[in-house]
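Colleague: Pasting a structure below so you can have a look.
No lab work stands behind these numbers, since they all come straight from the coordinates. Since this is a predicted model, take the numbers as computed values, not measurements. Don't worry about glycine lacking a Cβ; one is built from the backbone with ideal geometry, like all the others, and counts go over all protein chains shown.
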Ligand code: FES
Ligand SMILES: [Fe+2]
């Protein structure tokens, strides 16, 4: 549990908060690139870390992220015209480029006075990069601006990845905690059928036909039979590796290893060698809602069209969403819970892994009250996440440094699962599974050649 003060510190991310200051030291995704599909396309509202912004793609294809408020008299630039290298306010025609510079002030008499005024006029603009099919923004002090985090999905050619996003109706921190609390898989995502055949059909329905070894009969049996995994957590330069070990067959252990990368990237633990990897980045909209940016990647091969179709329909970490990226099964309709299904077939009665996660994370409250929890040993991943975040905000305030996440190259890690003999420490399990004790990627030459930014 946390004190009320620490719960506030962890969850509040507005411009004047300590955690808000921490988030602003990192690049965060603010849009999918596809939301600004072409030069001079309609601008898009962006709300991030409590700030109301507008994004647009200019005539040259560059993306700008501006304060939505026109500096003249406060009209919303979302209603602006995106034309010839800038966004023009439709109230009196002031025009701004992607850097926030004023290009035109047609309601002022032409001449040196207007030129002077125009040269001085600026709307707040944040640095933006497009990378990995996301638009990223940096909202912190310019002199502290880091490089983009070298996450593997972004380094691969586009054909090797699939990205999506989903709206979530609760505070950012409990979404990260849900992703790092890998013990819940033994319950939340389980089927309850006794008849094997029907259990398979239920599972297929739940995961939208997506096959992976992590959903194989053996692995599901190990997950089901051992609901109290033993956790080991390692700190590394970008965050934490969190391993949960369950009893497998013949005295071996089934390890599921997640990664947490500062400030809010969570990699899923189920991937077996050679399979698709999955990750999520949680970006606060405000303190009671967030966007979850989701990515699936395969370093070995391009993703097949059939796989993409499954992700698009809501498989694994991707949700089934409407045109505004709001999940079809959401807080407003109780996630379309089917009580008959819940009684006889699935643990939750909610369809979709992503929707099951969202349902139960949202249900903890708009901002979870961590003062009333009763934590147990299998919650240690959640505890370590909180410790790292709270230590980070305090260290940032005291010494203007961060304990993790400052080296962009330290983000080049993988998460995943494997079976190992019991008694093997997590470092060694990771060295065997990934070729490195922190899960750092050691890529074959063939991949290096195809890597692009
Ligand atoms: S309010 Fe934007 S130009 Fe006047
Ligand atoms: Fe989950």
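Colleague: Specify whether the C-alpha gyration tensor of region 158-233 places it in the rounded, prolate or oblate class, a ≥ b ≥ c being the square roots of the eigenvalues: rounded for a/c under 1.5, otherwise prolate if a/b is larger than b/c and oblate if not.
Modeller: Working: a/c = 1.77, a/b = 1.24, b/c = 1.43.
Oblate, since a/c reaches 1.5 and b/c is not below a/b.
Colleague: Fewest first, what order do 338, 218, 67 take by the number of other Cβ atoms within 10 Å?
Modeller: Going from least to most buried by this count: 218, 338, 67.
Colleague: Here is a further query. Remind me, relative contact order of region 21-84 in percent, using alpha carbon pairs under 8 angstrom and six or more residues apart?
Modeller: Reported as a whole number, the value is 27 percent.
Colleague: Could you list 3, 288, 202, 13 so that the one with the fewest beta carbons within 10 Å of its beta carbon is first and the one with the most is last? Numbers along the way, then the final one.
Modeller: Details: 3 10, 288 14, 202 20, 13 27.
By the 10 Å Cβ count, ascending, the order reads 3, 288, 202, 13.
Colleague: What's the long-distance tail for the chain, i.e. % of Cα pairs beyond 30 Å?
Modeller: Working: 47468 of 102378 pairs.
Cα-Cα pairs in the chain separated by more than 30 Å: 46 percent.
Colleague: Can I ask one more? Roughly speaking, what is the stretch gain from residue 275 to residue 432, that is 0.36 nm per residue apart minus the C-alpha to C-alpha distance, in nm to one decimal? Walk me through the intermediate numbers first.
Modeller: Values: separation 157, 0.36 × 157 = 56.52 nm, distance 1.63 nm.
My answer for the length gained is 54.9 nm.
Colleague: Using alpha carbons only, how many degrees (0 to 90, rounded to 10) separate the axis of helix 380-399 from the longest principal axis of the chain?
Modeller: 30 degrees
Colleague: Once both axes come from the Cα atoms, what is the angle between helix 353-362 and the longest principal axis of the chain, in degrees from 0 to 90, rounded to 10?
Modeller: 70 degrees
Colleague: Follow-up question, since we're still on this one. On full extension of the chain, what length is gained from residue 60 through residue 409, given 0.36 nm per residue of separation minus the C-alpha to C-alpha distance?
Modeller: Length gained between residue 60 and residue 409: 122.6 nm.
Colleague: On a 0 to 90 degree scale, rounded to 10, what angle separates helix 196-206 from the longest Cα axis of the chain?
Modeller: Taking the Cα atoms of the chain, the angle to 196-206 is about 10 degrees.
Colleague: Largest first and in whole Å, what are the equivalent-ellipsoid semi-axes of region 28-137 based on the Cα gyration tensor, each being the root of 5 times an eigenvalue?
Modeller: Largest first, region 28-137 gives 25, 13, 12 Å.
Colleague: Relative contact order for the chain: what percent, with Cα pairs under 8 Å and sequence separation of 6 or more?
Modeller: Values: 972 pairs, mean separation 88.7, N = 453.
RCO, the chain: 20 percent.
Colleague: Residue 373 to residue 338: extension gain in nm, 0.36 nm per residue of separation minus the Cα-Cα distance?
Modeller: Working: separation 35, 0.36 × 35 = 12.60 nm, distance 2.81 nm.
My answer for the length gained is 9.8 nm.
Colleague: Considering Cα pairs under 8 angstrom that are at least six residues apart, work out the relative contact order of region 1-136 and quote it in whole percent. Spell out each step's value before the answer.
Modeller: On the way: 260 pairs, mean separation 26.8, N = 136.
Relative contact order of region 1-136: 20 percent.
Colleague: Based only on other Cβ atoms within 10 Å, what is the fewest-to-most ordering of 166, 47, 95? Display every interim value, and only then the final one.
Modeller: Numbers: 166 23, 47 15, 95 20.
In increasing order of surrounding Cβ atoms, one gets 47, 95, 166.
Colleague: Can you give the calculated 222 nm mean residue ellipticity of the chain, where each DSSP H run of n ≥ 4 adds -39,500 (n - 2.57) and the sum is split over every residue, rounded to the nearest 500 deg cm²/dmol? It would help to have the intermediate numbers written out before the result.
Modeller: Values: 13 runs with 115 residues, N = 453.
Calculated mean residue ellipticity at 222 nm is -7000 deg cm²/dmol.
Colleague: I would also like to ask the following. Between region 1-57 and region 111-175, what's the alpha-carbon centroid distance in Å?
Modeller: After rounding, the separation between the Cα centres reads 9 Å.
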